[in-house]
Structures are given as structure tokens and as C-alpha cells.
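What follows is a single structure, written as C-alpha cells, with notes after it.
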Amino acid sequence: MKKRYILAFLALFIFFYIHPVQGKSLDETVKTNLGTSNISVSIRDMESGKIVYEKNGDVGMKPASTLKLLTASSALHTLGEDFRFQTDVYLDGQIENGELIGNLYLKGQGDPTFQKKHFLQIADFFRLLGIHSIRGNLYGDDFYFDGEQLSPGIAKEDESYYYAARISALTMSPDDDYDAGTIIVHVKPTTIGEKPTIEFEPNDSGMIFVNEAKTVSSNERNTIEIIRKYRSNKIVISGNIPMGEPYKDWVTLYNPTVNTLIAFKKTLEEEGFVFYNTSIERKPVTENAVLVYSKPSQPLEDLVHPFLKLSNNSIADILVKTMGQKVYGEGNFESGLKVIRNYGEQLGLNMSDWQFEDGSGISHQNRTTANELTNLLVKVRSESFFPIFFESLPVGGEKDRTIGGSLRERFLEDHLKERIFAKTGHITGVYTLAGYVKANSGKTYAFAVMTQNQTRNKIHEIDKVVETIIEQF
């Protein structure tokens with residue numbers, strides 16, 4: 001009898017060792033983690049393009065920043081991977097005894113990489129020309145773009161934040177994240193009970209700062225807020241900053257063109273240049289003005305990396321307006337979005353399933369389906385620029401911000417690292433992820449997981465679905 005029990009035990013052990021109990025099916029994982037409504041999932045075979053799994057795959061959903069996948073591919077196709085933005089400097093006057101007697105123009109074409117270091121390069125060039133003072137006005141030509149500076153989906157309460165910056169053809173970025181149309185505000189604690197010090201990058205740029213903040217002890221909570229008042233140049237810093245805890249945040253410029261001109265002028269003044277009775281305003285370059293300096297950006301093949309890896313909204317809508325200008329001679333949202341729609345049709349997407357009013361995905365009016373996102377991800381592989389597109393996607397589990405991007409804190413387990421290459425998406429109540437996944441079978445699949453109308457963060461649940469795709473495909 002005992003022998004029979006031992007044999008039975010051994011048989012069960014061998015069975016479960018050789019045939020381990022499988023985890024939940026993908027369908028069960030989706031249902032358990034995401035539910036059955038306000039979700040959409042699609043997986044496609046990369047070779048055949050056929051859908052191998054879907055759940056509500058044809059239901060229109062808010063894409064959030066996964067819409068940037070279409071914007072990026074449209075821009076690489078329309079503008080070309082070698083495309084560069086350009087900012088030009090014109091002089092309209094005479095140089096006499098080290099003084100420019102006349103006007104100075106900065107003409108922009110939407111370059112999101114224009115920074116203080118480039119202001120300094122222009123200052124060095126002026127020194128080579130023998131200029132040390134300007135007796136004239138400083139004008140900004142931003143007429144390469146037209147129409148509204150804000151896309152329709154940006155809410156009033158979001159306008160202060162870096163992801164909702166105004167789009168101008170003459171703009172600047174405070175650092176190499178290239179959040180164009182913003183400055184960085186640093187708040188540094190001083191003495192308990194006293195106001196902290198406030199510093200800016202590149203400088204105050206003509207903004208008005210109101211310091212209502214207070215330094216508190218190190219065991220208190222940081223409650224600092226940096227908010228630009230609606231439709232004004234006034235930035236209010238409020239809340240408490242603990243000792244030993246410097247804080248910084250990005251805040252949008254109300255008038256990027258004028259603010260960039262002021263930042264440029266202040267930088268030159270710091271370098272010893274003198275301006276006499278100089279007014280600052282928007283004005284197109286006159287016919288008599290002479291081009292003396294051009295600053296190109298890096299090529300689009302490089303710029304698409306921070307665009308997708310860091311989910312940069314400013315770059316998204318700058319690209320939209322630039323495509324409109326290049327194709328239709330109109331640097332506005334309407335023309336740029338028309339270019340994107342035409343590209344999608346040419347690529348073979350079902351554009352009746354796409355609805356968008358920006359290139360960033362910030363609008364709650366944007367719609368597409370999970371099946372269409374995976375359709376895009378499969379079809380874009382035939383484009384010559386696909387290696388650039390693919391390498392620009394965030395890589396799951398890669399802690400290096402320039403590689404992992406918005407996925408650097410996700411998929412950290414060893415068996416998941418460098419197997420997910422995907423674009424994240426999030427706006428209020430919306431969590432999405434779309435890209436490519438290397439499954440245990442060795443095959444790569446295009447996938448999209450979309451959720452909306454959520455009352456809590458769904459990132460962990462979405463990641464569970466992706467893990468199951470790896471295990472079961």
C-alpha cells in the first residue's frame with residue numbers, strides 16, 4: 001500500500017515538474033487587471049500583420065501620448081530624417097565705432113533646441129564683427145507659424161505646466177529636454193521662517209515673480225507650487241520648502257517670442273553688451289536686413305529621440321506646424337494635422353478610426369483604436385526611417401534616462417529588461433502603452449493596451465498584461 005502511495009506521489013511530482021501549472025491566460029489577465037469596459041487591447045504578428053489577440057480592439061479610445069507614434073512617423077516621412085530647424089540673425093543698419101546703429105532681428109522656424117548657449121555664440125559672433133553695443137530695436141520674426149499657439153485640447157488649468165507650452169516659431173528651451181516655451185525656476189531654502197531664494201534658467205526672461213514661499217525645518221513636507229497666473233507673465237511661488245531640499249520646476253512662458261527676445265537681450269547684457277533705448281516686439285524681417293548668422297538644430301533623426309523617449313509635447317506640436325508650413329505653406333495646427341492624416345492614408349491606415357486635434361495626444365477629444373495603433377506599428381516597419389523610429393522608443397527597464405525614457409522605472413525584472421520598446425501615454429483618467437514586445441517564443445509582436453475613464457493609476461495592471469504577452473506568445 002505504501003509503495004502505491006509513493007509511486008503515485010512520484011507520478012504527480014514528475015507531471016507537475018515537466019508540465020508546470022500555467023499562469024492565467026491573456027484573456028483572464030486582461031479581465032482581472034483591466035476589466036471589460038473602457039479598455040482596448042490589440043496584438044499583431046509583425047510578419048503577417050494579422051491580429052493574434054484583441055479585446056475591444058476596434059473601440060475608439062483616447063490615445064494620450066501614444067498618438068506621438070503617428071506624429072513621429074509622419075514627421076520623419078514628410079520632413080526627412082536630415083531635416084534641421086533654423087534660427088537666423090539679421091542686422092538692419094550700420095556698424096560704426098563698435099556700435100550697431102540700426103535694428104537686430106531674430107527669425108525663428110520653430111527650433112525647440114534654441115538655448116542660452118546659442119545666445120552666447122551669437123554674442124561671440126557680434127564681437128568678431130566688432131559690435132559691443134546696439135542703438136536700435138530688437139525684433140522677433142515668428143511668422144513662420146500662424147494660428148493659435150495652444151492646441152484646442154489644453155485646459156485652462158494646465159497652461160502653466162511644461163507639457164502645455166505655447167507654440168511659437170521663435171522660442172527657446174532651458175535645457176536639453178527641449179521643453180520649448182518654458183523656463184526652469186529654482187527654489188532654494190534660506191533660514192527657517194524666511195523666504196527662499198529664487199533663481200531662473202536661462203534668466204527671468206521678462207517674467208514677473210511673486211515669492212510667497214517660506215523656508216521650514218527639514219522634517220516638514222515640501223509643498224512648493226510654481227504657477228503662472230492664467231493669461232499673464234506673473235509667476236507665483238507658494239508653499240513651504242524644507243531646509244536642505246532645493247526644488248526646481250518648469251513653467252511656461254506667456255509670450256514665447258517676446259520672452260525669448262528678452263532672455264537673449266539679458267544674456268548679451270550679462271556679457272557686457274549695451275542696448276540704448278531698445279524696444280522689443282514682433283516684426284517681420286525687412287527687405288533691407290542682412291542675414292549674418294544662422295543656427296541650425298541637430299537633424300530630426302536625433303531630435304526624435306528626446307521627442308519620443310521623454311514624450312515631449314512641445315516638439316510634437318512644433319512638428320505639426322512645421323509639416324503644415326512645408327506642405328501647404330501654412331504653419332498652423334489645421335494644415336499640419338491634414339498632413340498627418342494624408343500620411344496615414346498613404347501608409348494604409350484606416351483613418352476613419354483616427355480623430356485628433358493635436359500631435360501630442362494631450363486632448364481628450366483625440367481618438368483611435370488599439371487595432372489601428374498596432375496597424376501603424378506594423379506598417380511603419382516598411383519605412384526607410386524605421387530604425388530611427390524604433391531606436392527612439394523608450395526601452396523597458398533601462399535606467400539610463402536617454403534610453404529608457406518614460407519606461408525607465410517599469411519592467412525592471414531581469415526577465416523583462418530590454419524586451420519592451422513602447423510609447424507610454426497618460427492624461428487624466430487615461431493610461432496607454434503601445435509598441436513592440438519580444439515574447440518568450442523569440443518572436444516580436446506589435447501591441448497596444450489602452451484604458452480610459454479610470455479612477456486610479458493603471459500602469460501596474462497594463463504592465464501585467466504585457467508580461468503575460470511575453471510569457472504566452
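When Ile192 is tested against the conditions (1) out of contact with any helix residue (DSSP H, G or I) (no Cβ under 9 Å at 6 or more places or on another chain); (2) closer than 26 Å to Ser311 by Cβ; (3) open to solvent by 70 Å² or more (accessible area, probe 1.4 Å), the lone failure is (2).
When you check Glu334 against the structure, is it charged (D, E, K, R), buried (at least 18 other Cβ atoms within 10 Å of the Cβ) and in a helix (DSSP H, G or I), yes or no? Answer is no for this residue.
Do the conditions hold for Tyr343, that is, is it in contact (Cβ under 8 Å) with a residue 24 or more places away in the chain and surrounded by fewer than 20 Cβ atoms within 10 Å (Cβ to Cβ)? When the stated conditions are applied, Tyr343 does not pass them.
Just to verify a result, which residue in the stretch 276-295, among those that are touching a helix residue (DSSP H, G or I) at 6+ places or on another chain (Cβ under 8 Å) and surrounded by 14 or more Cβ atoms within 10 Å (Cβ to Cβ), is nearest to Ile262 (Cα to Cα)? Among residues in the stretch 276-295 that are touching a helix residue (DSSP H, G or I) at 6+ places or on another chain (Cβ under 8 Å) and surrounded by 14 or more Cβ atoms within 10 Å (Cβ to Cβ), the one nearest to Ile262 (Cα to Cα) is Ile280. Which fully enclosed strands (runs of 3 or more DSSP E) of the stretch 402-455 have 3 or more residues being surrounded by fewer than 16 Cβ atoms within 10 Å (Cβ to Cβ) and of a type outside the set (D, E, K, R)? Result: empty, no element qualifies.
Name every residue in the stretch 253-274 that is open to solvent by less than 30 Å² (accessible area, probe 1.4 Å), of a type outside the set (Val, Ile, Thr) and outside any loop (DSSP other than H, G, I, E, B), in order of residue number. Scanning the stretch 253-274 gives Pro256, Asn259, Leu261, Ala263, Phe264, Leu268.
Every condition in (1) under 30 Å from Glu269 (Cα atoms); (2) open to solvent by 60 Å² or more (accessible area, probe 1.4 Å); (3) free of Cβ contacts under 8 Å to residues at least 40 places away in the same chain is met by Asn219 except one, and the failing one is (1). Note on the stretch 283-331: among residues that are in a helix (DSSP H, G or I), in contact (Cβ under 8 Å) with a residue 60 or more places away in the chain and hydroxyl-bearing (Ser, Thr, Tyr), the one that is nearest to Asp82 (Cα to Cα) is Thr322. Across the stretch 116-167, the number of residues qualifying as open to solvent by 80 Å² or more (accessible area, probe 1.4 Å), part of a loop (DSSP other than H, G, I, E, B) and out of contact with any helix residue (DSSP H, G or I) (no Cβ under 7 Å at 6 or more places or on another chain) comes to 3. Of all residues in the stretch 456-469, exactly one satisfies the criterion of being surrounded by fewer than 19 Cβ atoms within 10 Å (Cβ to Cβ) and either β-branched (Val, Ile, Thr) or assigned to a strand (DSSP E or B) (or both), namely Ile459. Here is a check on your reading of the model: is Gly442 free of Cβ contacts under 8 Å to residues at least 40 places away in the same chain and over 14 Å from Arg44 (Cβ atoms)? Yes: the conditions hold for Gly442. Residues of the stretch 368-419 that are closer than 27 Å to Glu54 by Cβ and aliphatic (A, V, I, L, M): Ala370, Leu373, Leu376, Leu377, Val378, Val380, Leu393, Val395, Leu407, Leu416.
One residue is enough: does the stretch 305-321 have a residue meeting the conditions under 20 Å from the mean Cα position of the chain (by Cα), β-branched (Val, Ile, Thr) and farther than 30 Å from Glu398 by Cα? Among the residues of the stretch 305-321, not one is under 20 Å from the mean Cα position of the chain (by Cα), β-branched (Val, Ile, Thr) and farther than 30 Å from Glu398 by Cα, which makes the answer no.
All of (1) in a helix (DSSP H, G or I); (2) within 30 Å of Glu201 (Cβ to Cβ) hold for Asn33 with one exception: (2).
There is no residue in the stretch 382-397 that is at pLDDT 95 or above, open to solvent by 50 Å² or more (accessible area, probe 1.4 Å) and part of a strand (DSSP E or B).
For the stretch 205-216, indicate whether the set of residues that are in contact with a helix residue (DSSP H, G or I) (Cβ under 6 Å, 6 or more places away or on another chain) and touching a residue at least 24 places away in the same chain (Cβ under 8 Å) is non-empty.
Scanning the stretch 205-216, I find at least one residue that is in contact with a helix residue (DSSP H, G or I) (Cβ under 6 Å, 6 or more places away or on another chain) and touching a residue at least 24 places away in the same chain (Cβ under 8 Å), so the answer is yes.
Any idea how many residues of the stretch 66-114 are in contact (Cβ under 8 Å) with a residue 40 or more places away in the chain and not in a loop (DSSP other than H, G, I, E, B)?
Of the residues in the stretch 66-114, 27 are in contact (Cβ under 8 Å) with a residue 40 or more places away in the chain and not in a loop (DSSP other than H, G, I, E, B).
For the stretch 428-473, which positions are over 20 Å from the mean Cα position of the chain (by Cα) and among the small types (Gly, Ala, Ser)? Scanning the stretch 428-473 gives Ala439, Ser441, Gly442, Ala446.
In the list Thr87, Thr29, which residue meets the criterion of being of a type in the set (Val, Ile, Thr) and at pLDDT below 95?
Thr29
Could you check, for the stretch 296-315, whether at least one of its residues is in contact with a helix residue (DSSP H, G or I) (Cβ under 8 Å, 6 or more places away or on another chain), β-branched (Val, Ile, Thr) and open to solvent by 40 Å² or more (accessible area, probe 1.4 Å)? Checked the stretch 296-315: no residue is in contact with a helix residue (DSSP H, G or I) (Cβ under 8 Å, 6 or more places away or on another chain), β-branched (Val, Ile, Thr) and open to solvent by 40 Å² or more (accessible area, probe 1.4 Å).
Screening the candidates Glu194, Glu159, Glu201 for the property of being in contact with a Lys or Arg (Cβ under 9 Å, 6 or more places away or on another chain), free of Cβ contacts under 8 Å to residues at least 40 places away in the same chain and among the charged types (D, E, K, R) yields one hit, Glu194.
Residue check: Gln355 meets all listed conditions (1) crowded, with 24+ Cβ neighbours inside 10 Å; (2) over 17 Å from the mean Cα position of the chain (by Cα) but one, namely (1). Among the residues of the stretch 361-369, is there at least one that is assigned to a helix (DSSP H, G or I), of a type outside the set (A, V, I, L, M) and at pLDDT 95 or above? Taking every residue of the stretch 361-369 in turn, none turns out to be assigned to a helix (DSSP H, G or I), of a type outside the set (A, V, I, L, M) and at pLDDT 95 or above.
The values are calculated or read from the model by the stated rules, or taken from the named source; none is laboratory data. Note that this is a predicted model, so its numbers are computed, not measured. We place every Cβ from the backbone using ideal geometry, glycine too, and count neighbours over all the protein chains shown. Accessible surface areas use protein heavy atoms only, side chains included; no ligands, DNA or RNA. Shrake-Rupley method; radii C 1.70, N 1.55, O 1.52, S 1.80 Å.
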